[in-house]
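J.: So that we are looking at the same thing, I have put the structure below in structure tokens.
The values are calculated or read from the model by the stated rules, or taken from the named source; none is laboratory data. No experiment lies behind these values; they were computed from the predicted model shown. Glycine also receives a Cβ, built like all others from the backbone with ideal geometry; neighbour counts cover every protein chain displayed. Side chains included, ligands, DNA and RNA excluded: accessible areas come from the protein's heavy atoms. Shrake-Rupley method; radii C 1.70, N 1.55, O 1.52, S 1.80 Å.
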Amino acid sequence: MNINRINELLEELKYELNSIESLEEKIETLNHCRKELHDISPFKEEPVDCVLWIKDSCIQANEYNPNHVATPEMHLLHTSIKEDGYTMPIVTYDMQNGSREIVDGFHRNRVEREYKDINKRLMGYLPVTTLDKPLEDRIASTIRHNRARGTHGIRPMSDIVLDLSRAGWNDTEICQKLGMDLDEVIRLKQITGLKEAFSSHEFSKSWEEFESKYYNEDQK
């Protein structure tokens, strides 16, 4: 490795970047550099390997997140970001139309929009990573993030389980991908009050059969 040559190139790059007067153009160029480096990174499969700065006007909420944060927690989140900065990026899906949909981090997004001190400091931009997955898998990702923090609404969760069931997911898939137990899934289906929620459910399935199938599939 010719470290001297790499340092020379870095100095040239820094010089070119510093010569850009437009804030928007400089950020776009930095994002471009980060994506190019990400393409050759040994960690390119990890979303956090490439954090981009995107205008908040290009970032939108999803329609399936039932997670809520009370006012005191929002104030605490603001204080955290004010004192420590954004230590976690917002996870997004690139809609390929100039906008991004939030998978995780809706309230971190809110802080930048709703608190003038943070908005001014970040100049209307937010740090994002990219999760490139189909809608059903993005829903599962959002739920996993929320459940890991211990927050998720019961009624909206029952609606999501119903939607995933309608999309063809069976009980085992819902349990595995959402980190639930079978009885949780059944209770949430019961809350919907709709018979179609049980269209693919096998009532004769015992816990032993379920666990055997669950762990056998997990080890493949």
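J.: Of the numbered conditions (1) over 16 Å from ALA61 (Cβ atoms); (2) at pLDDT below 90; (3) small (Gly, Ala, Ser), SER141 satisfies every one except a single condition; which is it?
T.: (1)
J.: In addition: Just checking, how many residues over segment 22-44 are under 16 Å from LYS55 (Cβ atoms) and in contact with a Lys or Arg (Cβ under 8 Å, 6 or more places away or on another chain)?
T.: Here the count works out to 0.
J.: Please work out which residue is modelled with the lowest pLDDT, limiting yourself to segment 62-79 and to residues that are touching a helix residue (DSSP H, G or I) at 6+ places or on another chain (Cβ under 9 Å), assigned to a helix (DSSP H, G or I) and open to solvent by less than 70 Å² (accessible area, probe 1.4 Å).
T.: MET74
J.: Being part of a loop (DSSP other than H, G, I, E, B) and surrounded by fewer than 12 Cβ atoms within 10 Å (Cβ to Cβ) is the filter; apply it to segment 42-61 and report the residue that is modelled with the lowest pLDDT.
T.: ALA61
J.: Regarding GLU25, is this residue out of contact with any Leu (no Cβ under 8 Å at 6 or more places or on another chain) and part of a loop (DSSP other than H, G, I, E, B)?
T.: Details: out of contact with any Leu (no Cβ under 8 Å at 6 or more places or on another chain): yes; part of a loop (DSSP other than H, G, I, E, B): no.
Answer is no for this residue.
J.: Can you tell me which residues in segment 1-19 are open to solvent by less than 100 Å² (accessible area, probe 1.4 Å) and within 30 Å of LEU131 (Cα to Cα)?
T.: LEU10, LEU13, LEU17, listed by residue number.
J.: Give me a count of the residues in segment 156-181 that are touching a residue at least 40 places away in the same chain (Cβ under 8 Å) and open to solvent by less than 30 Å² (accessible area, probe 1.4 Å).
T.: Total satisfying the criteria: 3.
J.: Which ones in segment 82-138 are of a type in the set (Gly, Ala, Ser) and surrounded by fewer than 18 Cβ atoms within 10 Å (Cβ to Cβ)?
T.: Hits for segment 82-138 are GLY85, GLY98, SER99, GLY124.
J.: Hey, another quick one. Which one of the conditions (1) assigned to a helix (DSSP H, G or I); (2) open to solvent by 40 Å² or more (accessible area, probe 1.4 Å) does CYS33 fail to meet, given that it meets all the rest?
T.: Here CYS33 clears every test but (2).
J.: Could you grab the pairs with beta carbons closer than 8 Å, sequence gap of 6+ or different chains, first residue in segment 6-18 and in contact (Cβ under 8 Å) with a residue 12 or more places away in the chain, second one among the hydroxyl-bearing types (Ser, Thr, Tyr)?
T.: LEU17/THR29
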